[in-house]
Amino acid sequence: MRHFLDFEKPIAELEGKIEELRRTTDAGGIDVAEEVGRLHDKAQTLLKATYAKLTPWQKAQVARHPDRPHAKDYIEALVTDFTPLAGDRAFADDLAVIGGMGRFRGRAVMVLGTERGHDTESRVKHNFGMARPEGYRKARRLMDLAGRFGLPILSFVDTAGAFPGIDAEARGQAEAIARSIEAGLEAPVPFIATIIGEGGSGGAIALAAADRVVMLEHAIYSVISPEGCASILWRDSAQASTAAEALKLTADDLKRLNLVDAVLPEPLGGAHRDAEATIAALGDTIAGLLAPLVELDGATLRARRREKFLEMGRSGVI
């Protein structure tokens, strides 16, 4: 069954009626094609009108949609001959961060991603995409490995942020994130990051200090979650919608502020309504962005990447 968000209830009612009519046709042979067609057109019109005026808070809900394609889905569809690599060579293997080597359209690449999981079991396994220090140290190790062998880096980011537990802090969470960001900035190879869902705080930047950062249309990217911001500023998480507005976390906001390089349109109703088309479109976008970068040498890539992020500070954005 399709999962509907709170603001999609009118759409859910129409699609529910369509499904009931189809079942009636299957059971009794009654021809209701005309009525189904009319309701389908009405549902599509309502869906288009709803998604044309989403608020930042509603965008956050779409970015977190449980049926949205995750990092594993993108890797499985876009990367062939994928060989997963595990562990940080210091403490453990953190399954919130997945990565390995493979081929993207025939080119050898290093792939990284934060994986949330699709159901209860896999979400617990991947810690809901919230990495501990060993996850960021694994990311750093793989980025260093990519630099050593001249492999472009592709990352797929979808995390509420780094895991805030005591054990993570005890093992050096902040240092691990900083080192992962440093590894991204210093990588002598092309690096393309995509915010596929939620990009939360340093936990997201750790895998997105890239030459080119792409955001899906309904993804979000911010220094803190709307709920966390509301709890700090208003002592009330119910103010999350107000916080989402103030945080300027939508793809359009971030493109306007020059914090991301490209925004990829999603199918009507969000990526989860046509995951295959979304993944294919992202593959084309990555290929287009990667082509000119592979022509540059490592020193040029590092210098341009450094200048890109320094300019964000000079312009007063961060």
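Values as computed for the structure displayed
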{"read-out": "Candidates ALA170, ALA193, ALA60: whichever shows maximal mean-square fluctuation once the chain is modelled as a Gaussian network with Cα springs under 10 Å", "value": "ALA170"}
{"read-out": "Mean separation of Cα contacts under 8 Å, 6 or more apart, over the residue count of the range 93-211: relative contact order %", "value": "28 percent"}
{"read-out": "Angle between the chain longest axis and helix 33-51 axis [Cα atoms, degrees, rounded to 10]", "value": "40 degrees"}
{"read-out": "Mean Cβ count within 10 Å, highest first, over the residues of peptides 296-303, 244-251", "value": "244-251, 296-303"}
{"read-out": "With 5 Å bins from 0: P(r) over the range 236-300, alpha-carbon pairs, percent", "value": "3, 14, 13, 16, 20, 15, 10, 6, 3, 1, 0"}
{"read-out": "Area of PHE4 that stays accessible when all protein chains are in place (1.4 Å probe, Å², to 10)", "value": "60 Å²"}
{"read-out": "Pairwise label distance in nanometres, LEU46 with ASP93, each label 7 Å out on the Cα-Cβ vector", "value": "4.7 nm"}
{"read-out": "Normalised contact order of the chain, rounded percent, pairs of Cα under 8 Å and 6 or more residues apart", "value": "15 percent"}
{"read-out": "Centre separation in Å (Cα based) which lies between the range 280-304 and the range 60-82", "value": "21 Å"}
{"read-out": "Rounded to 5, percent antiparallel among DSSP beta bridges of the chain", "value": "40 percent"}
{"read-out": "Rounded to 5, the percent of DSSP beta bridges in the range 31-172 classed as antiparallel", "value": "75 percent"}
{"read-out": "Apportionment of accessible area to carbon and sulfur, the chain, percent (1.4 Å)", "value": "53 percent"}
{"read-out": "Accessible area in square angstrom per residue, the range 7-86, 1.4 angstrom probe", "value": "57 Å²"}
{"read-out": "For the range 208-223, Karplus couplings with θ = phi - 60° (6.51, -1.76, 1.60), whole Hz, Gly/Pro x", "value": "9, 7, 10, 4, 9, 10, 9, 10, 5, 3, 9, 7, 10, 8, 7, 6"}
{"read-out": "Helix 275-293 axis, angle to the chain major axis (alpha carbon atoms, nearest 10°)", "value": "30 degrees"}
{"read-out": "Bridge type composition, the range 176-318 - antiparallel percent by DSSP, nearest 5", "value": "10 percent"}
{"read-out": "Mean ellipticity per residue at 222 nm, deg cm²/dmol - from DSSP H runs of n ≥ 4 across the chain, formula -39500 (n - 2.57)", "value": "-15500 deg cm²/dmol"}
{"read-out": "Crossing angle, helix 298-314 versus the chain [Cα axis fit, 0-90 degrees, rounded to tens]", "value": "70 degrees"}
{"read-out": "Highest-MSF residue in the chain out of ILE166, ILE98, ILE153 [GNM, Cα springs under 10 Å]", "value": "ILE166"}
{"read-out": "For the range 239-247, Karplus couplings with θ = phi - 60° (6.51, -1.76, 1.60), whole Hz, Gly/Pro x", "value": "8, 4, 5, 5, 5, 4, 5, 6, 6"}
{"read-out": "Solvent-accessible area of GLU20 with every protein chain in place, 1.4 Å probe, in Å² to the nearest 10", "value": "110 Å²"}
{"read-out": "Cα gyration tensor shape of the chain, rounded if a/c is under 1.5, else prolate or oblate by comparing a/b with b/c", "value": "prolate"}
{"read-out": "THR194 long-range amide H proximity, modeled H, under 5 Å", "value": "SER155, PHE156, VAL157, VAL214"}
{"read-out": "Accessible surface, per residue, of the range 187-227 when the full set of protein chains is kept, probe 1.4 Å, Å²", "value": "17 Å²"}
{"read-out": "The range 1-114, relative contact order [Cα under 8 Å, separation at least 6], %", "value": "18 percent"}
{"read-out": "Filter on LYS48/LYS308; LYS48/LYS125; LYS17/LYS59; LYS17/LYS48; LYS59/LYS138 - keep pairs with C-alpha separation over 28 Å", "value": "LYS48/LYS308; LYS48/LYS125; LYS59/LYS138"}
{"read-out": "From phi via Karplus (6.51, -1.76, 1.60), per-residue ³J(HN,Hα) for the range 4-13 in Hz, x at Gly/Pro", "value": "10, 7, 4, 6, 9, 4, x, 5, 4, 5"}
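The values are calculated or read from the model by the stated rules, or taken from the named source; none is laboratory data. The structure presented is a predicted model; accordingly, all values stated were derived computationally and were not measured. Using ideal geometry, Cβ is built from the backbone for each residue, glycine included, and neighbour counts are taken over all protein chains shown. Ligands, DNA and RNA are stripped out before the accessible areas are found, and what is left, the full protein with its side chains, is counted by its heavy atoms. Shrake-Rupley method; radii C 1.70, N 1.55, O 1.52, S 1.80 Å.
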